[in-house]
Amino acid sequence: MRIISALCCLVLLPTAFTLALLQDPRLLNGTGDHPESYLHIGDGSSLEFEFPENTKGVIVISSRRRSWRQTVRVLSLEPDVLSILNVSDSDGGRAGPVNSYVISIRSGFPGTAPLLVQLLDLEPSSEPVLIEERRDYSIRVAPGVDGDGDISAQLAHFSENPVLFALLPLIFINKCAFGCKVEVEVLCELLRRPIPLLLGIMGQFLVMPLYAYGVSQLAGLPKALALGLVITCSAPGGGGGYLYSLLLGGDVTLAICMTLVSTVFATAAMPLSSALYGRLLGVHAALHVPFVKILGTLLFIAIPISLGVCVKLRLPALTQVLLALIRPFSFLLIVGGVFMAYQMGASILADVQLCIVFVGVTVPVLGLLVGLGLAHMAGLAVPQRRTVAIEVGVQNSLLALAVMQLSFRRAEADFASQAPFIVALSSTSEMLLIVIAHLIYRRLCHKDKNDPET
């Protein structure tokens, strides 16, 4: 029995010790993180490192593998937050107990960038062989504190531009004047039979944001720029829809009503769309979606239009004054908007990417086709078809631009604002071409101006 007991102990004790090693790898090398790991950043005690935004710097990666035929490859899994500039061997290729590699990095927007660190064996006659790979290290880019900086540079920021503050009263009065042009009877009829309004909402807040998300993924846009495009395509119809409907033979009253309804509806739809697609894009950790400021900016448009409707019902004399101010105030707003556009364009479009230019050109075209197709399938009259197409195709890009400039930090705002700026330029250019072609067609064909088909 003693012999049998001794044999059992000889067998069971090593087996139990082996199982303990398998269940707790720290017994092998004294660490619980990565057993027998060669790669470390710093002293290996921390897996996350903090770095300020919009700066350059270095990190040092050490390898405890003794070999002169090795190198390190480092990739940032969030290039908008952190980009890897180059990797250099600080030991000059000499093999030692510890080999060090200097990684040059450049931080971008605030957020967390996971790192992919690979240790490669450089075989002279074949492809590099992967020795070890680590994905647990990350760099957290912390937002910096905006300094006062140069006064002229600060004035270039949209929210600090004195021209904007000078135009705010004109914008408010002009929106009240547009509200005075709303026919209450027509609005009530549209509310009883809201087919054009529903088509506009469907195109503006369902189809266009979905298109923005899809095309941004196909074009491989950076996440901040993709979010800017989604916010632009989630904006309601632009104020120029009334003018384009007038020039292209659309239903002007319907255009104003659609702008009013879509702007009110956007107070809920635009933040929801930004939150949904922001989460799909993975931007929620890097960019803050300003729901409160989006709501405040949209209410600044919806409230004066509603006030204009009330003025028309109660104060007919004031209504005539406001209607007389539409043309001069609109002219001043156009001039002020062009001035700010040129002033902002130099900084916003300085590093514009070609892909966003091509994407921005397609947004108005698709919106016009979507609106026209939906209105045609619904059997609307020709003037209403044109108005629905214009309201879906002409987004309020300046609203999206203002939302981002007033809400995000300047670096993120200027980068994301490339999307609404390009869409606004494309929309204006394409609509002017359509208006010119329409006028030439009418002139050549000698159509009756009162004919709705023209």
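The values are calculated or read from the model by the stated rules, or taken from the named source; none is laboratory data. Small disclaimer: the values here were computed from a predicted structure and weren't measured. Quick reminder, even Gly has a Cβ in these numbers, built from the backbone with ideal geometry, and neighbours come from all protein chains shown.
Criterion applied to LEU187, LEU210 was being modelled with pLDDT of 80 or more and closer than 21 Å to THR267 by Cβ, and the one residue passing it is LEU210. Here the helices (runs of 4 or more DSSP H) wholly within the stretch 355-434 that include at least 2 residues being in contact with a strand residue (DSSP E or B) (Cβ under 9 Å, 6 or more places away or on another chain) and in the same structural domain as LEU243 (by TED's automatic domain parsing) are 382-393. For the stretch 229-241, taking the residues that are touching a Ser or Thr at 6+ places or on another chain (Cβ under 6 Å) and modelled with pLDDT of 85 or more, the one that is nearest to THR428 (Cα to Cα) is identified as THR232. Being touching a residue at least 12 places away in the same chain (Cβ under 8 Å) and either surrounded by fewer than 18 Cβ atoms within 10 Å (Cβ to Cβ) or over 19 Å from LEU323 (Cα atoms) (or both): is that true of LEU254 here? Here the answer is no, as LEU254 does not meet what is asked. Residue count for the stretch 370-384 under the criterion of being surrounded by fewer than 24 Cβ atoms within 10 Å (Cβ to Cβ) and either touching a residue at least 40 places away in the same chain (Cβ under 8 Å) or aromatic (Phe, Trp, Tyr) (or both): the result is 8.
Here are ALA255, ALA268: which of them is part of a helix (DSSP H, G or I), at pLDDT below 80 and in the same structural domain as LEU221 (by TED's automatic domain parsing)? Just a single option satisfies the conditions, and that option is ALA268.
Residues in the stretch 59-74 that are in a strand (DSSP E or B) and surrounded by 13 or more Cβ atoms within 10 Å (Cβ to Cβ): 9 in all. Would you confirm, using the coordinates I've provided, whether LEU115 is of a type outside the set (Ser, Thr, Tyr) and at pLDDT 85 or above? Answer is yes for this residue.
The residue that is modelled with the highest pLDDT, counting only those in the stretch 75-112 that are in contact with a Pro (Cβ under 9 Å, 6 or more places away or on another chain) and among the aliphatic types (A, V, I, L, M), is LEU77. When restricted to residues that are in a loop (DSSP other than H, G, I, E, B) and either touching a Cys at 6+ places or on another chain (Cβ under 8 Å) or on the phi < 0 side of the Ramachandran plot (or both), the stretch 40-58 contains 6. ALA402 satisfies every condition listed in (1) buried (at least 24 other Cβ atoms within 10 Å of the Cβ); (2) at pLDDT below 75 except (1).
In the set GLU183, GLU189, only one residue is touching a residue at least 12 places away in the same chain (Cβ under 8 Å), among the acidic types (Asp, Glu) and over 27 Å from ALA402 (Cβ atoms); that residue is GLU183.
Quick check, is GLY203 of a type outside the set (A, V, I, L, M), modelled with pLDDT under 85 and crowded, with 24+ Cβ neighbours inside 10 Å? No, not satisfied.
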